[in-house]
Amino acid sequence: MSLPVVLSAAGATPSPSPSGSTAPVVPSLQDAQQSATNAASWVEQNWSTWLAMGLQILLILVVAFVLRAAVRRAITKLIDRMNRTVESVDGTALSGLLINAERRRQRSQAIGSVLRSVASFLILGTAALMVLSTFKINLAPLLASAGVAGVAIGFGARNLVTDFLSGVFMILEDQYGVGDTIDAGVASGEVIEVGLRVTKLRGDNGEIWYVRNGEVKRIGNLSQGWATAGVDVTVRASEDLDRVKATLDEVADQMSKEEPWNELLWGPIEVLGLDSVLIDSMVVRISARTMPGKSVTVERELRWRVKRAFDAANIRIVGGETAAASPEATPAADPAAAVAAPSVYSNADSPQSAAASPITPQQRSAPK
């Protein structure tokens, strides 16, 4: 007789305990053997499925991380190539002013950061969904919940999303950069930092403005391309126009040849002619194309030189003290002197005014 049969026979007729209580049933060796056999059979039947699932998950993760690293590296190389392309065309003064080193660095960092983040989110998110589908998990409720959560977050943080998207498009379209002077509507000044959510501006008085990108509806960039310096000179209507124009042409020619104005001026200073003609004055306009952001400096220097040249040529600027008053000029008479009194009662010495004045006690006692 085999050992399992003996053990089962012994277990079938348990001896009563001395205390009369029923003894707990102890698993037999046959039961343990059967359980082990079943477990081994289950493992033998499913080990191939487990191995396939493990290899599939491992393959998904390896492909995802390799693809993520390759995409991030490609984005980095693309940004570096863009920077090198811009640097290769920096031979002209215009290109060097439009895009400086700090502006290129911040713009490339922002674009690269956005692209790398989007690529990582898409690749790793897709890999996570593929891993869950490998475990036979129904993704429909998960995707529906994620969609509802995304809509809720979008409504709750719509200002943040608006700022972020506006910042991305501002950077991608290169609307402005570090060093540019812009008018953003809500504030104006020099750009000192460009972010995906906030742009920092330094105002004319040194204050720093933090402007949310979503709040900017229109942008006026004063540092791209070129600027225009315009000066209006108001002189008397009796001045000789040819003499005025010759003096202004001399000032323009001398200023265009001197440093550093010959670098700030990107075109000749032109006397455009009469801008307006009035009864006692006329306005002559001067204009010049200048380096971006230097129009105010050129205008101040141009006014300074025109003032000195007109003083030397004895040409009077209306409203200023550039020339002495004409000797034949006489002070204007008082306009009220020629106007008669509206009534004889306005003159205190007139008989009518005296007759209308109150009678005093002294006047009553005078006849006595």
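The table for this structure:
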read-out	value
Search result, residues across segment 220-247 that are in a strand (DSSP E or B) and open to solvent by 50 Å² or more (accessible area, probe 1.4 Å)	THR228, ASP232, ARG236
Residue satisfying all of: in segment 271-296; at pLDDT 85 or above and among the charged types (D, E, K, R); most open to solvent (accessible area, probe 1.4 Å) among these	ARG289
Yes/no for ASP163 being in contact with a helix residue (DSSP H, G or I) (Cβ under 6 Å, 6 or more places away or on another chain), surrounded by 14 or more Cβ atoms within 10 Å (Cβ to Cβ) and at pLDDT 80 or above	yes
Residues being within 37 Å of the chain's Cα centre (by Cα) and in a helix (DSSP H, G or I) - total across segment 248-263	5
Every residue from segment 248-262 that is touching a residue at least 40 places away in the same chain (Cβ under 8 Å) and open to solvent by 100 Å² or more (accessible area, probe 1.4 Å)	GLU250
Some residue of segment 206-215 being open to solvent by 60 Å² or more (accessible area, probe 1.4 Å), within 22 Å of ARG300 (Cβ to Cβ) and modelled with pLDDT of 85 or more	no
Some residue of segment 345-364 being β-branched (Val, Ile, Thr), at pLDDT 80 or above and out of contact with any helix residue (DSSP H, G or I) (no Cβ under 8 Å at 6 or more places or on another chain)	no
Of residues in segment 173-197 being open to solvent by 20 Å² or more (accessible area, probe 1.4 Å) and part of a strand (DSSP E or B), the one nearest to VAL114 (Cα to Cα)	VAL194
Search result, residues across segment 204-247 that are more than 15 Å from the chain's Cα centre (by Cα) and of a type in the set (Ser, Thr, Tyr)	THR228, THR234, SER238, THR247
Residues (of a type in the set (Gly, Ala, Ser), within 27 Å of GLY195 (Cβ to Cβ), at pLDDT below 65 and open to solvent by 50 Å² or more (accessible area, probe 1.4 Å)) located in segment 80-137	ALA101
Residues within segment 152-172 that are among the acidic types (Asp, Glu) and either assigned to a loop (DSSP other than H, G, I, E, B) or within 25 Å of TRP226 (Cβ to Cβ) (or both), tallied	0
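The values are calculated or read from the model by the stated rules, or taken from the named source; none is laboratory data. Please read these numbers as outputs of a predicted model, since none were measured by experiment. Here Cβ is always computed from backbone atoms with ideal geometry, including for glycine, and neighbour counts include all displayed protein chains. For accessibility, only protein heavy atoms count, side chains too; no ligands or nucleic acids. Shrake-Rupley method; radii C 1.70, N 1.55, O 1.52, S 1.80 Å.
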